[in-house]
1. Springs between alpha-carbon pairs under 10 angstrom, Gaussian network model over the chain: which of ARG74, ARG53, ARG43 fluctuates most?
2. Beyond 20 Å, what share of the Cα-Cα pairs of the chain is found? Please give it as a whole percent.
3. Quote the FRET efficiency, to the nearest 0.05, computed for MET1 versus GLU25 with a Förster distance R0 of 41 Å and r equal to the Cβ-Cβ distance.
4. List the lysines whose Cα lies under 20 Å from the Cα of LYS62, skipping any in the same chain that are fewer than 8 positions away.
5. So how tilted is helix 46-64 from the main axis of the chain? Cα-based, degrees 0 to 90, rounded to 10.
6. So which residue, out of VAL19, VAL31, VAL78, gets the largest mean-square fluctuation from a GNM of the chain using Cα contacts under 10 Å as springs?
7. Please give the charge dipole size of the chain, origin at the Cα centre, charges +1 on K and R Cβ atoms and -1 on D and E Cβ atoms. Round to the nearest 20 debye.
Amino acid sequence: MTIFGTGIDLVEIKRFADVVDRFGERFLKRVFTESELAYCLSRPNFEMHLAARFAAKEAVSKALGTGWGSFSWRDIEVNNDPSGAPKVNLSGGAAKIFAESKGEGMLISISHTKDMAIAQAIIIKGKREEG
């Protein structure tokens with residue numbers, strides 16, 4: 001397995017919550033997909049979950065290496081697989097950049113406390129080794 005790109009982002013939850021309070025639904029719908037909003041808004045302390053997904057989107061954009069001018073926030077969707085592990089679905093410009101990179105997979109890790117949320121994304125080429 002070879003690492004093609006990596007990104008990491010840290011978000012202060014209080015600061016993120018202030019942005020949500022200030023810009024409300026307009027901001028949320030610009031940044032998050034319907035499924036992301038449905039999941040996060042159904043959780044206690046929903047700001048923590050939104051901030052974690054925001055950090056994940058930032059981490060993925062950094063791993064792709066192109067910045068936000070090439071795709072929109074909603075082109076990166078962060079959900080959970082059946083086990084609860086986070087997974088990334090790319091569409092639009094983000095999917096195009098990923099395909100052009102010839103990446104074969106993306107690993108994502110998200111964590112948060114009551115104050116901070118962090119995410120790391122790694123784009124890989126080749127198969128992940130077992131063991």
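1. Highest fluctuation of the listed residues: ARG43.
2. That fraction is 42 percent.
3. Working: r = 41 Å, r/R0 = 1.00.
Plugging the Cβ-Cβ distance into 1/(1 + (r/R0)^6) gives 0.50.
4. LYS87, LYS96, LYS102, LYS125
5. The two axes meet at around 30 degrees.
6. Greatest mean-square fluctuation among the candidates belongs to VAL19.
7. 180 debye
Every number here is computed from the coordinates shown, using simple stated rules; none is lab data. On a predicted model such as this, the values are computed, not experimentally measured, just so you know. Because the Cβ atoms are built from the backbone with ideal geometry, glycine has one as well, and the counts that use them run over all protein chains shown.
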